[in-house]
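Encoded as C-alpha cells, the structure appears first; notes follow it.
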Amino acid sequence: MKKLALLTALALASAASAQSLSGTVTVWSWDAAAKALQSTIPSFNKKYPNVKVNVVDLGNQNVYDRGLAGCAAGGADMPDVYSIENNEAEVFWARFPDCFVDLNTLGADKVAKNFPAFKWTELMAGNKRYAMPWDSGPVVIFYRRDLYQQAGVNPTAIKTWDDFIAAGKKVNAKFDGKVKMGIVGNGQDDEWFRMLANQNSCFYFDNAGTSVTVNKPGCVDALNTVKKLYDAQVVATGDWGGQITSFKSGKSASAMFGAWYEGTIRTNAPDQKGKWGVYPMPASKPGGVRAANLGGSALALPASSKNKAAAYAFMENALATTGGQVAMLKSQGLVPSLLSATKDPYVKVAQPYWGNQKVWQTILDTLGDVPQARGTQYFQDARQVMIVVQADFLKGKYKTAKEALDDAAKKISSATGLPVAK
C-alpha cells in the first residue's frame, strides 16, 4: 500500500508539473527540419496541454544570420528554441558564450549518455552543454530506379566514383545529356567537396580544431573527383531550389546528400512513389570508405527566453524520447541521434515510396564508418573561401587541385589565425 501510495503521489506530482507549464514556445527552424518538429507537437501537447508551440520556418541561412544578430544584440529578438547546425555551433559558443542556456542546469546531463559521444563534441564548451543533439546526416545516393534501368545502369555495380562516372555516361547517352547523375551547387556551396573530403578523412581543419588541413591528400583527391565529374559532364550546376526542380521534372537520375534529403524528395515528389531507391556513396578507390556525413543539427535554448522550462520540455520530448525522434524520421526522414531510436522497429520497415526498400537500415548501416570531422567556430570562414576556390578551379584558374587547395589553406589561415598544418 505504501508503494502504491508513493507511485500515486509521484504521478500526481508529474501531472501537476505538466499542468504548471503554460504560455507559448516559439521555435526557429527551416524546411524539412521545421516540418519534422511540427510532427512532435501532438505528443508534446499530450504531456503539456497548456503550452502552445509555434514553429517558424525562416529558412536555413536566415536562422543562422538572425541568430548571430540576436546574440550580438544581447539576446534581442531570439526565439525560445533555436535550431543550429552542428558544424556552425561553435561559432556561437565562442563568440557569444552567454547567449544560450547551459542545458545541464535543466537536466541535459541526465540524458547525455543516451546519445553517441561524438554528437556532443561541437555542442559543448568545457563542461557546458549548449545544445541537444538532434539528427545526423549520413551521406547516400538517392537514385531513380526507372531512369537507371532505362540507361542500363545497375546501382549495385557502382562501387567507386569511376563507376559512378561510367554510369553517368550511360545516362547521358540514353537521354541525350538531358538527365544528369547529380546537381552540384558550384559557386554557391561546396557540399560535394565536403562530403568527398570527409569520406577521405579530410576536412577544413584537424579534429582538434587547431590547424588548417584543407590541402591534405584526402581533400586534394576530393577536389579532383569533383572536377572529374564536371569534365565527364555527368553532373549539372544548380542551387537548392534548382535541385528540387530538377528531380521533380525527372532531369536528375541521382542526388547525393545527407539522409535528411529523403524527406525533401518524398514530400516534394509524391507522384514518384516507388521510383526511387538508395545506395551507399561510391568510394574514392576500390574497397575504400563509402560513408560521410553532411549536416546534422541540434536545438539550443536562448538565455533570453521567457519560458525556459516549457522550451526545454519541448526539446526533451522531441529529441530525447524515442517517440519524438521516430516521429521525425517518419515525417521528414531525419536520422535520429538518440541511440534508442536507431534501434526502433520502424528502421527495418520496408518503405513503399522507396520501392519497398528498407532504406533506413541501408542508411544507418553507414553511420559507424563515417570519419570524424569538426567544423570549429571558423566553419563559415573556411566554407566561403572554398566555395570561391572550387569554382575558380573548375574554371581553370588553378593548374592542379593541390595548387588550388594550397591557396585555400593560406586564405583560411589568414581569415582564422590558425596555422596551415605541416
Considering the stretch 91-117, residues that are in a loop (DSSP other than H, G, I, E, B) and under 22 Å from the mean Cα position of the chain (by Cα), and then whichever is modelled with the lowest pLDDT, we arrive at P116
Boolean, Y312 is crowded, with 21+ Cβ neighbours inside 10 Å, in contact (Cβ under 8 Å) with a residue 60 or more places away in the chain, in contact with a helix residue (DSSP H, G or I) (Cβ under 9 Å, 6 or more places away or on another chain) and over 27 Å from T24 (Cβ atoms):
no
Out of (1) open to solvent by less than 40 Å² (accessible area, probe 1.4 Å); (2) among the β-branched types (V, I, T); (3) in a helix (DSSP H, G or I), the one T376 does not meet is (3)
Within the stretch 67-85, does at least one residue satisfy the condition of being in contact (Cβ under 8 Å) with a residue 24 or more places away in the chain, open to solvent by 10 Å² or more (accessible area, probe 1.4 Å), out of contact with any Ser or Thr (no Cβ under 7 Å at 6 or more places or on another chain) and of a type in the set (D, E, K, R)?
no
Of those in the stretch 154-188 that are aliphatic (A, V, I, L, M) and farther than 10 Å from V235 by Cα, the residue surrounded by the most Cβ atoms within 10 Å (Cβ to Cβ) is I158
Next item on the list: State whether one or more residues within the stretch 50-57 are of a type in the set (A, V, I, L, M), under 24 Å from I265 (Cβ atoms) and open to solvent by less than 40 Å² (accessible area, probe 1.4 Å).
Entry: yes
In the stretch 95-143, anything among the charged types (D, E, K, R), out of contact with any Lys or Arg (no Cβ under 8 Å at 6 or more places or on another chain) and open to solvent by 50 Å² or more (accessible area, probe 1.4 Å) is listed as R95, D98, K110, K113, K128
Does any residue of the stretch 330-352 turn out to be under 17 Å from the mean Cα position of the chain (by Cα), β-branched (V, I, T) and assigned to a loop (DSSP other than H, G, I, E, B)?
-> no
Checked against (1) free of Cβ contacts under 8 Å to residues at least 60 places away in the same chain; (2) part of a strand (DSSP E or B), C202 satisfies every condition except (2)
Of the listed residues (G277, G209, G287, G242), the one being touching a residue at least 24 places away in the same chain (Cβ under 8 Å), open to solvent by 10 Å² or more (accessible area, probe 1.4 Å) and outside any helix (DSSP H, G or I) is G209
Checked G323, G263 against criteria (surrounded by fewer than 18 Cβ atoms within 10 Å (Cβ to Cβ) and in contact (Cβ under 8 Å) with a residue 12 or more places away in the chain); the one match is G323
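The values are calculated or read from the model by the stated rules, or taken from the named source; none is laboratory data. What you are looking at is a predicted structure, and each value in this text was computed from that prediction instead of being measured. Counting neighbours? That spans all protein chains shown, and the Cβs are built from the backbone with ideal geometry, glycine included. With ligands, DNA and RNA removed, areas are computed over all heavy atoms of the protein, side chains included. Shrake-Rupley method; radii C 1.70, N 1.55, O 1.52, S 1.80 Å.
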